Amino acid sequence: MARDWQGVLPDLALSLPAFAPELIVCATIVALLLTRLFGMARWLPAGSVAFGGSALATALACLQWGGAFESPSDGWAGLVRNDALTVYVRVLCLLGWNLTVTLTLLTGVPRPSIDPADDDGPDFHVPLAAVALGSVLMGQANHLLMLFLAVEMASVPAYVLVGFRKGSREAGEAALKYLVFGAGAAGVMMYGASLLAGVTGTLSLPALGERLALIPLEGLEWNEPGVGGAAIAGVVFILCGLAFKLSLVPFHFWTPDAFQGALAEVSGFLSVAPKIGAFALLVRFGLSLHGPFGETGDALLTGLGLACAAGAAVSMTFGNLAAFAQKDLGRLLAYSTVAQSGTMLLGVAACFLGVGRGDGDLAVAGLAGTLLYLTAYLFLNLGAFAAVAIFRNRTLRTDVASLAGLGSKMPWVAGAFAVSLVGLVGLPPTAGFVGKLAVFAAALSDRVGSPLLFAAALIAAANTVASLFYYFRPIRSLYLDAAPEGTSGAPIGPPVTGSERAYLVLLAVPVLLILPLLGRLGALCDAIAEAVL
Amino acid sequence: MSVPALLIAATFLPLVGALAGLTARWWRPRKDDRAAGFVASACILGSFGLALTAALRWDGPEPIAGSWYEIFSLAGVTLELGHHIDSLTLTMFCLVSLVASCVCVFALGYLSDELTHEHRDHSFEEELVRPGRFHLFFGYLCLFVTAMLLLVIGGNLFHVFVGWELVGACSYLLIGFYYERPIAGAAATKAFVVNRIGDAGFLIGLAALLAANGDVRFVSLFEAAGAGELSRTALLIGGFGVLAGCVGKSAQFPLQVWLPDAMAGPTPVSALVHSATMVAGGVYLIGRMTPALPGEVLLTVAYLGCATALIGAAPALFQTDLKGILAYSSISQLGYMMLALGVTGWGAGLFHLVTHAFFKSLMFLCAGSVIVACHHAQDVTKLGGLMRKMPVTAGAMLVGVIAISGLAIPGVTLFGEALSFSGFHSKDAILSHALAFTEANPAHAILFWVPLVTAGLTALYMVRLWGLTFAGTPGSATKGAHESPAVMLAPILILAGLAAFCAIGGDGGPLYGFLTRTAPEVGTFALFESPTEAAVDEAHHHAEMMGLIAAGLGAAAGLALFGPWRRAPGHARAEGLKDAAVVRWLRSGWGFDAVYRALAVRPTLLAGEVAALTDRSALDGAVHGTATLARRVARFERSVDERLVDGVVRGVGRLARGFGRLFGATQSGGLRQYVAALAACAVGLAVLAVVLLAG
């Protein structure tokens, strides 16, 4: 026992500084809960506390840039990994959180109450911060236990957030569906993790590859799958849990209901931060299956890559087709999220195939493409949902038809919304184009490779064209459709404030000005991908 | 400071002026304050000083190339911003910044009627009163100068394209400066759209060269083209594509239609943008790209230039608008430059670019001076007899007229050479190259005769312009006209001096010598034979005499028809011609506008209508149909779901049923199926994976 204690202190000294942003998030949560006591809420609103905490955490995460590139390390006795990908996910998720908190301050959600004791602020911001914490943890989990905890950390508060609109039947139903589905997914994932742990005798991701390499996959009998079958089932079950988080078909059922029922601010955040974390986790978990030696790892990774390519093709096709018929903006953007996840998965598929086949360039290109896409996606989706939230505050509706004629009445909001949608389609010169270009280029650069990846890339291209139709429907409504009778002339709701405009511009600027920075950003993503691989 | 540093500073210095002009409404809210104009003038003058210093410090014929910022570099494709500095760059820098300085100072006086809260615009039936926009004009002007210098300094085609588009955008703002007038708005849009047609070609050419060469730096393009590493197809697509861009920007046939309309902008804009700088951008780019252009492209350039010279000159004979004459004259002169570049007269073409910039901007400024004096009357038939009232302007304009006509007095020498102004030398150089070219290739004889005839026409319409404006009896619009203030006359005098003497020594003089220090070597082509230097020298004497005779004849005819002795309006000798159908046809610029309206504009609008109609009826129907289909499929799926999966549920376990009972009150139909589907999918996928991986 004495030896163990000797190792703890240096480990603590190493882990704590790297973990500082997460500790800030935890401190923010505690502070939010404490503001309820002692009547502090009167002079220190929960929104301000959340904003301060998120800004501080984001700033700290940004300061960690660079250090993680030079010396990647394990933290908390191997539970988490601290490397370039960790910092990348941390910065993006915390930035997303900060932007979401800012948006809630601007749109006044949750509604401030006259009685501070009845204020919903802490109730709202605590789960929001917890989702951010879970997302960040997903990006660094290095242990099956941590994997499960991080996914649940990001999921459980999200159920609360979705059902936050008190008294709304829609929101309650959505939250219940989300909860039930999430519980099922958690069960499946837990089962997978226990299978994998039983087969390999370890929970640590880095050790997984070596142990798996000892398990032969050849000659499995259908009626007697043995250890190999259990290992495969374990991997698949864990992937099912991750696919639930990524809302990939066929684990996406919760997405449209949840995004329609939840507040647009919440939907925007849930579509971004947990997804960035989950992608990082998927990459980490997938790569951990590939040990330093043995054919099992190669076979597993190649199979995984092909599965991802197939999943990508199915997800984007289904997501796009389903989005066609949607009338509600939240539902439309939810299905768009499903499709976008599919496109991003294409890069991960290229990465896994590259690793499985020993093609380092393909692996780096695929992962870098996904990372670049995720960066663009953060601004695109937050911008789109922010515009929906601001529209909702004025029209009190969230259907596509409610946008008719708003292009001239609220030019700034409409313009920002249009920029986001055009970016989601992937038209140049927006950030979406850059992301899609990087992912497609990676998938198509696989010259010797598998026909499946190539076919998936072609399906993705066809889907991009198809997605034009539903992404442009709101734009058409904004600019071409006449305003409904009786409302023309009179402004709806309070006028858009300058700070709301500034916020939308802040989100639209990176979307529009990414092209000149493409060289730097691409090099950065390449560097992260190389560091991880 | 090194030469590149000086030029980069010169490029971005006017941005300060732009910023000052665009933000003046906050830091100088008073309308009668010229501060922004002074800042702008100082910045552009400073820019000129830097450019001049760079030109003096530059040593040697070796071009300086460098990179500023790499935008991205993928395998085989590199896009970057960077500079390429040689004698052409330096000449253009000095030229642009000098003319811009003169125009900027002139505009301080010209636009003084904008210095009020209640600017009255008389071009409407009901007088339009609006706040003046003095500061804004100088902001746009400085922005334009930066864009133009960015274009000129560009070390690769992509960089040039960036400057090219910025220049186009600034030109849109400047032409549409009086945007309340419908005519100005329409002209700005027309210029913008017509230019985009050419730019589409430019983009294609840029992409072709980028794909073939991997980067579009001029240095590497020329090396690759010289070494024959680029495929012929790439060179042809690249060359014709770039030419399309230049045809649009330099108002060459068949895209010349936007330039006459662009005169709707303020006159200083016409002087800077539409005579000296932006329209010369196309000529500059053809000159820059010459080492990489194949023979077919060069010959096309020559014929397009030749056609444009004539097509521009004929309508100029019949224009009644003061600036209209100058606009068509610009088209014609730009044709000359293109012609020279096409017949391998690189130096001659760019030499004419420089001289033309000086004398044409001089004439536009003189026109501006007249327009201000006559209360914005521009119709030459209502002017006349201004010589006495505005002697300085008249004299300066005369210098311009003599220069552009290429008139000279042979035999009389001043400082050891024939008494002549700048236009004589440059036009002489062009004609001698054209003559030598046609002597070497007799099949292309038209390339000499058309410009020779056009030289005569040029003298005729220019003398007509001067005669109608300044000579004869005073016209109806000249009441109360007086000489312009010094702030407008000073730039006119400086430009007059340059227009007269900048080309001293002709093609043996300092300007030509500096310009051609980095001239590309004349290539050999399969399509035609390039004239040798000796042949050009030999042709010089003939061409000089013939050009002089043509110009002399034109000037004499002009004097006879429109000289001081012409009769009062209504009794002029050519009166009968005034409304002949052919004259109206020529006056409207050969009716190109009508043809384009019928062939391009109407069909486009019609296609738009049809598309809107289709969208409203057919496409919406299709989309709704798809939606219905999707709903039906979903319903079918659901029924399968409920029957099939429900069955599975009972078999798989009590989990789903338990949940169903637990939440029976609030559950919607799908909840149980969701979880069942989740479990089924997970199990199914696991089985699939085992089968696929192990089997």
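The values are calculated or read from the model by the stated rules, or taken from the named source; none is laboratory data. What you see is a predicted model, and the numbers here were worked out from it, not measured in a lab. Cβ atoms come from the backbone with ideal geometry, glycine included; neighbour counts cover every protein chain shown.
Residues that are surrounded by fewer than 24 Cβ atoms within 10 Å (Cβ to Cβ) and not hydrophobic (A, V, I, L, M, F, W, C): does segment A:336-353 have at least one?
No; the residues of segment A:336-353 include none that is surrounded by fewer than 24 Cβ atoms within 10 Å (Cβ to Cβ) and not hydrophobic (A, V, I, L, M, F, W, C).
I need every pair where a residue in segment B:671-695 that is more than 7 Å from chain A (Cβ to nearest Cβ) has its Cβ under 6 Å from the Cβ of a residue that is small (Gly, Ala, Ser) and buried (at least 17 other Cβ atoms within 10 Å of the Cβ), sequence separation at least 6 or different chains.
B:ARG672/B:ALA656; B:ARG672/B:GLY660; B:ALA676/B:ALA656
What do you reckon, is A:LEU329 modelled with pLDDT of 90 or more, under 15 Å from A:ALA418 (Cα atoms), crowded, with 24+ Cβ neighbours inside 10 Å and under 13 Å from the mean Cα position of the chain (by Cα)?
On the way: modelled with pLDDT of 90 or more: yes; under 15 Å from A:ALA418 (Cα atoms): yes; crowded, with 24+ Cβ neighbours inside 10 Å: yes; under 13 Å from the mean Cα position of the chain (by Cα): no.
No: the conditions fail for A:LEU329.
Could we say that A:LEU281 is in a helix (DSSP H, G or I), modelled with pLDDT of 90 or more and in contact with a strand residue (DSSP E or B) (Cβ under 9 Å, 6 or more places away or on another chain) here? Break it down stepwise before answering.
On the way: in a helix (DSSP H, G or I): yes; modelled with pLDDT of 90 or more: yes; in contact with a strand residue (DSSP E or B) (Cβ under 9 Å, 6 or more places away or on another chain): yes.
Taking the combined requirement at face value, the residue satisfies it.
Considering A:ALA68, A:ALA50, which residue is surrounded by 15 or more Cβ atoms within 10 Å (Cβ to Cβ), of a type in the set (Gly, Ala, Ser) and touching an Asp or Glu at 6+ places or on another chain (Cβ under 7 Å)?
On the way: A:ALA50 fails: touching an Asp or Glu at 6+ places or on another chain (Cβ under 7 Å).
Of A:ALA68, A:ALA50, the one residue that is surrounded by 15 or more Cβ atoms within 10 Å (Cβ to Cβ), of a type in the set (Gly, Ala, Ser) and touching an Asp or Glu at 6+ places or on another chain (Cβ under 7 Å) is A:ALA68.
Please state which of the following conditions A:LEU248 fails to meet, knowing it meets all the rest: (1) surrounded by fewer than 23 Cβ atoms within 10 Å (Cβ to Cβ); (2) part of a loop (DSSP other than H, G, I, E, B); (3) modelled with pLDDT of 90 or more.
Going through (1) surrounded by fewer than 23 Cβ atoms within 10 Å (Cβ to Cβ); (2) part of a loop (DSSP other than H, G, I, E, B); (3) modelled with pLDDT of 90 or more one by one, A:LEU248 breaks only (1).
Tell me the residue from B:VAL623, B:VAL595, B:VAL633 that is away from chain A (no Cβ under 14 Å) and either surrounded by fewer than 10 Cβ atoms within 10 Å (Cβ to Cβ) or in a helix (DSSP H, G or I) (or both), please.
Residue meeting the stated conditions: B:VAL595.
Looking at (1) out of contact with any strand residue (DSSP E or B) (no Cβ under 7 Å at 6 or more places or on another chain); (2) surrounded by fewer than 23 Cβ atoms within 10 Å (Cβ to Cβ), which is the one condition that is false for B:ASP321?
Evaluating B:ASP321 over (1) out of contact with any strand residue (DSSP E or B) (no Cβ under 7 Å at 6 or more places or on another chain); (2) surrounded by fewer than 23 Cβ atoms within 10 Å (Cβ to Cβ) leaves (1) as the failure.
What about B:TYR303, is it more than 20 Å from B:SER588 (Cα to Cα), in contact (Cβ under 8 Å) with a residue 24 or more places away in the chain and touching a Leu at 6+ places or on another chain (Cβ under 8 Å)?
Judged against the criteria, B:TYR303 is a match.
Give the number of residues within segment A:151-194 that are crowded, with 19+ Cβ neighbours inside 10 Å, over 19 Å from the mean Cα position of the chain (by Cα) and without any contact (Cβ under 8 Å) to a residue 60 or more places away in the chain.
Adding up the residues that qualify gives 6.
Which residues, counting only those in segment B:17-54, are in contact with a helix residue (DSSP H, G or I) (Cβ under 7 Å, 6 or more places away or on another chain) and under 26 Å from B:ALA65 (Cα atoms)?
B:CYS43, B:ILE44, B:LEU45, B:GLY46, B:SER47, B:PHE48, B:LEU50, B:ALA51, B:LEU52, B:THR53, B:ALA54
A:ASP257 fails exactly one of the following numbered conditions: (1) modelled with pLDDT of 90 or more; (2) within 11 Å of chain B (Cβ to nearest Cβ). What is the number of that condition?
(1)
What pairs come up if the first residue lies in segment B:426-452 and is closer than 19 Å to B:LEU304 by Cβ, the second is in a helix (DSSP H, G or I) and of a type in the set (Lys, Arg), and their beta carbons are under 9 Å apart, counting only those six or more places apart or on different chains?
B:PRO451/B:LYS427
Looking only at segment A:284-318, which residues are small (Gly, Ala, Ser), within 25 Å of A:LEU203 (Cβ to Cβ) and in a helix (DSSP H, G or I)? Break it down stepwise before answering.
Start the filter on segment A:284-318 by keeping residues that are small (Gly, Ala, Ser), which leaves A:286, A:288, A:291, A:294, A:297, A:299, A:303, A:305, A:307, A:309-313, A:315.
Add one more test, that the residue is within 25 Å of A:LEU203 (Cβ to Cβ), and what stays is A:286, A:288, A:291, A:294, A:297, A:299, A:303, A:305, A:307.
Those that are small (Gly, Ala, Ser), within 25 Å of A:LEU203 (Cβ to Cβ) and in a helix (DSSP H, G or I): A:GLY286, A:SER288, A:GLY297, A:ALA299, A:GLY303, A:GLY305, A:ALA307.
Keeping to segment A:383-409, report how many residues are modelled with pLDDT of 90 or more and among the β-branched types (Val, Ile, Thr).
Count: 2.
Looking at A:ALA243, A:ALA230, A:ALA197, A:ALA207, can you tell me which residue is within 11 Å of chain B (Cβ to nearest Cβ), over 25 Å from the mean Cα position of the chain (by Cα) and in a helix (DSSP H, G or I)?
Numbers: A:ALA243 fails: over 25 Å from the mean Cα position of the chain (by Cα); A:ALA197 fails: within 11 Å of chain B (Cβ to nearest Cβ); A:ALA207 fails: within 11 Å of chain B (Cβ to nearest Cβ).
One residue alone meets the criteria, A:ALA230.
Tell me the strands (runs of 3 or more DSSP E) entirely within segment B:26-137 that contain at least 1 residues that are buried (at least 23 other Cβ atoms within 10 Å of the Cβ).
The strands (runs of 3 or more DSSP E) meeting that bar are B:77-85.
Go through B:ARG130, B:ARG181 for me and flag whichever is over 23 Å from B:TRP258 (Cβ atoms) and touching a strand residue (DSSP E or B) at 6+ places or on another chain (Cβ under 9 Å).
One residue alone meets the criteria, B:ARG130.
Only one of these is surrounded by fewer than 24 Cβ atoms within 10 Å (Cβ to Cβ) and under 25 Å from the mean Cα position of the chain (by Cα): A:VAL434, A:VAL419, A:VAL425, A:VAL439. Name it. Spell out the reasoning first.
Values: A:VAL434 fails: surrounded by fewer than 24 Cβ atoms within 10 Å (Cβ to Cβ); A:VAL419 fails: surrounded by fewer than 24 Cβ atoms within 10 Å (Cβ to Cβ); A:VAL439 fails: surrounded by fewer than 24 Cβ atoms within 10 Å (Cβ to Cβ).
Matching residue, one of A:VAL434, A:VAL419, A:VAL425, A:VAL439: A:VAL425.
Does any residue in segment B:502-527 that is of a type in the set (Gly, Ala, Ser) come within less than 7 Å, Cβ to Cβ, of a residue that is modelled with pLDDT under 80 six or more places away or on a different chain, and which pairs are these?
That search, which allows pairs on different chains as well, returns B:GLY505/B:GLU417.
Looking at B:LEU431 and the list (1) of a type in the set (A, V, I, L, M); (2) surrounded by 24 or more Cβ atoms within 10 Å (Cβ to Cβ); (3) within 30 Å of B:SER123 (Cα to Cα), which single condition is not satisfied?
Looking at each condition in turn, B:LEU431 falls short on (3).
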